[in-house]
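The values are calculated or read from the model by the stated rules, or taken from the named source; none is laboratory data. Quick caveat: nothing in here was measured; it's all calculated off a predicted structure. For neighbour counting, all protein chains shown are included, and Cβ atoms are generated from backbone atoms with ideal geometry for every residue, glycine included.
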């Protein structure tokens, strides 16, 4: 009946369908509460995705600048150990953001 593949969409569509199909007041109240809860969760995920996209873009920009700085310092014969450690931390952070974005995207 419902062709939407994403879990939250399926839940919302199913609840809406049940809400309009039933004529029992108590069941309608329960379904309405469920619908509001699902829509709130969906909105929160959408907001989080936007934030993660921003953080990923910022992180990638910083990573590129850090790589450029490391290259300049290496050409100048300067110590880059701390810069490389910072780069590794940036890469790990962006990887976590990307993985979280992928997990949330599957729900939305």
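Of all residues in the range 1-33, those satisfying the criterion of being outside any helix (DSSP H, G or I) and modelled with pLDDT of 80 or more are 22, 23, 24. Taken together, the criteria exclude residue 85 from residues that are at pLDDT 95 or above, over 30 Å from residue 17 (Cβ atoms) and surrounded by 11 or more Cβ atoms within 10 Å (Cβ to Cβ). Restricting attention to the range 68-85, the residues that are part of a helix (DSSP H, G or I) and in contact with a helix residue (DSSP H, G or I) (Cβ under 7 Å, 6 or more places away or on another chain) add up to 5.
Close contacts from the range 21-46, counting a first residue that is on the phi < 0 side of the Ramachandran plot and a second that is surrounded by 11 or more Cβ atoms within 10 Å (Cβ to Cβ) and modelled with pLDDT of 90 or more, with Cβ to Cβ under 7 Å and a gap of 6+ residues or different chains, come to 45/104. Residues considered: 96, 51. Of these, the only one that is within 24 Å of residue 9 (Cβ to Cβ) and surrounded by fewer than 15 Cβ atoms within 10 Å (Cβ to Cβ) is 51.
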